[in-house]
Amino acid sequence: MSLATKYNPQDVEGKWYDYWMKNNYFHSVPNDKEPYTIVIPPPNVTGVLHMGHMLNNTIQDVLIRRARLKGFNACWVPGTDHASIATEAKVVARLKEQGINKADLTRDEFLKYAWEWTDEHGGIILEQLKKLGASCDWERTKFTMDDDLNQAVTKVFIDLYKKGLIYRGYRMVNWDPSAKTTLSDEEVIYEERQGNLYYLNYKIEGSDDVLTIATTRPETILGDSAICINPNDERFTHLKGKKAIVPIVGRVIPIIEDEYVDIEFGTGCLKVTPAHDQNDKILGEKHNLEVIDIFNDDASLNSFGLHYEGKDRFVVRKEITKELDKLGYLVKVEQHMHKVGTSERTKEVIEPKISAQWFLKMDTIVEPALKAVLEDEEIKFFPKHYNSTYKHWLENIRDWNISRQLWWGHQIPAYFYGDGVEDFVIAESIEEALELAKEKTNNQQLTSADLTQDPDALDTWFSSWLWPISVFDGIRYPDNDEINYYYPTNDLVTGPDIIFFWVARMIFAGYEFRNEKPFTNVYFTGIVRDEKGRKMSKQLGNSPDPIGLIEKYGADGVRVGMLLCSAAGNDLLFDEDLCAQGRNFSNKIWNSFRLIKGWEVSETIEQPQSSKIAIDWYQAKFQQTLLDLEKSFEQYRVSEALMSIYKLIWDDFSSWFLEMVKPAYQQPIDAKTLKSVISFLEDNLKVLHPYMPFLSEEIWQNISERTPEEALIIASYPKFIDVNENLIQEFKIASEVISGIRTVRKDKNIAFKNEIEFSILNNDQVSSNFDSVIQKLGNISTINYVQEKVESAISFRVKSNEYFIPMGDAIDVEAEKVKLLEELKYNEGFLLSVQKKLGNERFVSNAPEQVINLERQKEADALAKIETIKASLASL
């Protein structure tokens, strides 16, 4: 079979992916093997591949392919998330373009449009993952809105409600005016922003006195219910029991006393707006104050906003400031840095709002999750420093607001039969709800027409927290074969930005519904940033198109490029040049294979000694790398493992081993050596395959004819035997000797075709095991071991040994002297600078021990180099 002169990913990738799919290598069913399971962090159903997905899924594919090679029953479950807020926003925007307002549609009509959008755009990202080489079990693809997953969510809601863990109540929530829904605390991002502090005077009823308050939100005075002072503040004793008048509104409000007010902060007088501030709400409940909500759902002002009704809150802020100034209530305005809560999804400024919502109690549900990570270490985080982040959040957790004012999502299974706060039942269907409502009201005349299901949807995370269980149908059928076999899963690969949203909550769900962990290890990838350290985003235009990168560099090249710049758990500074390096690595491997395939083979010639020792050395080097790989993977140092493979194949195999065994020009290679070369090549491909699946399968299939049962993807991973450390160390010295010979040849213009003599003054008693290799790679006629320096020879040192190459007629002695004198001058100058540093008492007493040792080593090396140069000069 003729091989292409250059590796072309476009000719290879589609071919082998189709082959893998056709032979069903990705599919897993329970059997007698040990399972290895990963569930994909489900991307948004209508999303497209970005660089974060590329990194995350490359790592997952590396882990799953490696497990498959190691003989596990590997199962990687793919799927997508319905992404309530993001998807609904896109559907609403599309409808708006068509002149359709969501408010004019029924729920069912809107959902029809939402499903059309999902069917049209959904699944694109999964097809893109195939281009990357992701070996997911596509037959298991799940969607969080699938009927079985929907039923699981409903079942869980009912179970938690019956346990008393879910409740409905009026609470101050985070309101997103753009998405018109509540958000959980974890979906709010706090940003430092430059704002203003407005000082306003309030008149005291029945007098000419005024009090001054300071606020960052002057528009909210329209919802004021009281002014609060500290009862211990002597400045305001005269205000006790009096009332104030709200500017513009003219509303008379009480002046209340509470030690909550910090005497040292601001003016000492606090305006209380219970509808629009969490702390004010607490004060309002304590002092039985009126709650005046001045905002519509879109954060425009309602009728309580008086003449500002219908205007946006930020417009009103500017206009009311001017009015307050005109009326003489505005004392001054100061610039003020403060934290502003924004929506993680829409970037809109959050509005605190009192609303009837559904909540999940968290106080008891977090306990096993804390214990599992921090005490028992049943679940391990990599890197471990995320333990403290996790601990802090769980120990300060608040009840989870699980309801969203959206239609796209899992509808809350609550059915109302009246207007009272408790006039509802929780049920899986309206039929069941009717029976429960009749029982609760003792009214047998009720019909399903009297029931109304809560229109709100559940938080998206309320379905994805069940993901490792629900994809195996473990909620509906908790004792089925699949959940018992695949759960708990092995590894989770995800970003640290969703440690609270998703990771912690899956741990809650695992212990709550199965009384066991959902996974054993969590590997947190870094955030993908550009070379300037900025997070990649559409707005900045600094995120390359992943599919474009794959087309340019090949999937294997991009996979390697991503991981070369991805240290464990640290942010990844993406550099496209590393993808080019990945492509170059592909070409290097391909060219090495072409070299091997081009050799003629002889069954009759003897195996040279140089090949025998080369084979023993590479065997030792490979085993050493295999051991290093195990250590790296134990710590989830996936990039470090790649670098070990990269160096093994590029340096040890291609640059050294193949040169050591390569037959002379137009000569055949002996069959015994070739057999070892092919065996090593196959082992290389096995450890490389998880990182570069396409290239490795292409070469594997070109080595010899393979049946589908002999494909690389399902081959057996190399077994660790032992490492001959002595041989590795001996070659390290031999390689330096060979490099020294090559340097002399280059510097002295001695052509490689010309044989040279070589003498060794073996002060270190170095083994002669690699003499045949030195002789071959240095093109040396004879190697002589001598007891004293060789006159009229060029010399160099490796450790304490000295090596000599006799000078031939071709060498210009005078030119060589000039060159050596220049080298001597440089090295003596370098030695002087090192000795000056070591003679500085301040440096020696303050520098770390390893720094001092390094300087002393430099001194020793320089002295040895100077001695060698002087000896060379003397011989000339």
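The values are calculated or read from the model by the stated rules, or taken from the named source; none is laboratory data. Here the structure is a predicted model, which means the values were calculated and not measured. Neighbour counts are summed over all protein chains in view; Cβ atoms, including those assigned to glycine, are modelled from backbone coordinates with ideal geometry. Note: accessible area is taken over every heavy atom of the protein model, side chains too, but ligands, DNA and RNA are not part of it. Shrake-Rupley method; radii C 1.70, N 1.55, O 1.52, S 1.80 Å.
Packing around the peptides 708-714, 846-852, 780-786, taken as the average count of other Cβ atoms within 10 Å per residue, puts them in this order, highest first: 708-714, 780-786, 846-852.
Basic side chains Lys and Arg get +1 at the Cβ, acidic Asp and Glu get -1 at the Cβ, and with that the dipole of the range 644-754 about its Cα centre reaches some 620 debye.
Could you sort the peptides 39-49, 304-314 by per-residue average Cβ neighbour count (10 Å cutoff), highest mean leading?
Values: 39-49: 21.8, 304-314: 16.1.
Ranked from most to least packed, the peptides come out as 39-49, 304-314.
Projecting the Cα atoms of Gly598, Thr216, Phe574 onto the dipole axis of the chain, where Lys and Arg carry +1 and Asp and Glu carry -1 at the beta carbon, places Gly598 farthest toward the positive end. How tilted is helix 107-121 with respect to the longest principal axis of the chain? Cα atoms for both, answer in degrees (0 to 90, nearest 10). Helix 107-121 and the main axis of the chain meet at about 10 degrees. For the range 80-93, 3J(HN,Hα) computed residue by residue from phi via the Karplus equation (6.51, -1.76, 1.60; θ = phi - 60°) reads 9, 10, 6, 6, 3, 5, 5, 5, 4, 4, 5, 5, 4, 5 Hz, glycine and proline entered as x. Shown here for the range 619-719: trypsin sites (Lys or Arg not before Pro) in loop regions (DSSP other than H, G, I, E, B) with at most 12 other Cβ atoms within 10 Å, namely Lys719. Lys/Arg Cβ at +1, Asp/Glu Cβ at -1, dipole of the range 562-616 taken about the Cα centre: which of Asn587, Pro608, Met562 is farthest positive-ward? So the residue furthest toward the plus end is Pro608. Straightening the chain between Ile678 and Glu630 buys 14.9 nm, computed as 0.36 nm per residue apart minus the Cα-Cα spacing.
Per atom type, the range 479-578 shows carbon and sulfur on 44% of its accessible surface, probed at 1.4 Å.
Averaging Cα coordinates gives a centre for the range 599-652 and one for the range 317-382; these two points are 55 Å apart.
Computed over protein heavy atoms with a 1.4 Å probe, the accessible surface of the chain works out to 47 Å² per residue.
Of the residues Ile794, Ala815, Phe843, the one whose Cα sits farthest towards the positive end of the charge dipole of the range 794-876 is Phe843 (charges of +1 on Lys and Arg Cβ, -1 on Asp and Glu Cβ, taken about the Cα centre).
Scaling against 2.2 N^0.38 Å puts the C-alpha radius of gyration of the chain at 1.28.
At a 1.4 Å probe, what is the % contribution of carbon and sulfur to the accessible area of the range 1-58? Using a 1.4 Å probe with all protein chains present, the range 1-58 comes out at 52 percent carbon and sulfur.
Taking the Cα centre of the range 527-614 as origin and assigning +1 to Lys and Arg Cβ atoms and -1 to Asp and Glu Cβ atoms, the resulting dipole is close to 260 debye. Computed about the Cα centre, the dipole magnitude for the chain is approximately 1980 debye when only Lys and Arg (+1) and Asp and Glu (-1) carry charge, each at its Cβ. Protection proxy ranking, highest mean first, for peptides 553-565, 95-107: 553-565, 95-107, where packing is the per-residue count of other beta-carbon atoms within 10 Å, averaged. Ranking Asp32, Asp277, Asp376, Asp481 by solvent-accessible area of protein heavy atoms (1.4 Å probe, all protein chains present), from largest to smallest, gives Asp32, Asp481, Asp376, Asp277.
Once all protein chains are placed together, Lys332 keeps about 90 Å² accessible to a 1.4 angstrom probe. Rounded to the nearest 0.05, the FRET efficiency derived from the C-beta distance between Val421 and Glu377 at R0 = 45 Å is 0.55. A 1.4 Å probe over all protein chains sorts Glu323, Glu139 by accessible area into Glu139, Glu323, starting with the largest. Can you figure out the FRET efficiency of Gln607 with Ser716, using R₀ = 25 Å and their beta-carbon distance, to the nearest 0.05? After rounding to 0.05, the efficiency reads 0.40.
Specify the angular offset, from 0 to 90 degrees and rounded to the nearest 10, of the alpha carbon long axis of helix 313-326 from the longest principal axis of the alpha carbons in the chain. It is inclined by approximately 60 degrees. Only helices enter the 222 nm calculation for the chain: every DSSP H run of n ≥ 4 contributes -39,500 (n - 2.57), and dividing by all residues gives -13000 deg cm²/dmol, rounded to 500. For the range 614-764, the convex hull spanned by the alpha carbon atoms encloses 166 Å³ per residue.
Annotation: amide H-H contacts under 5 Å for Asp209 (H modelled 1.01 Å from N, sequence separation of 5 or more, or interchain): Ile204. On the protein heavy atoms, probe 1.4 angstrom, tell me the percent of accessible surface of the range 768-876 carried by carbon and sulfur. Carbon with sulfur: 51 percent of the solvent-accessible area.
The angle between the Cα long axis of helix 671-688 and the main principal axis of the chain comes to about 20°, on a 0 to 90 degree scale.
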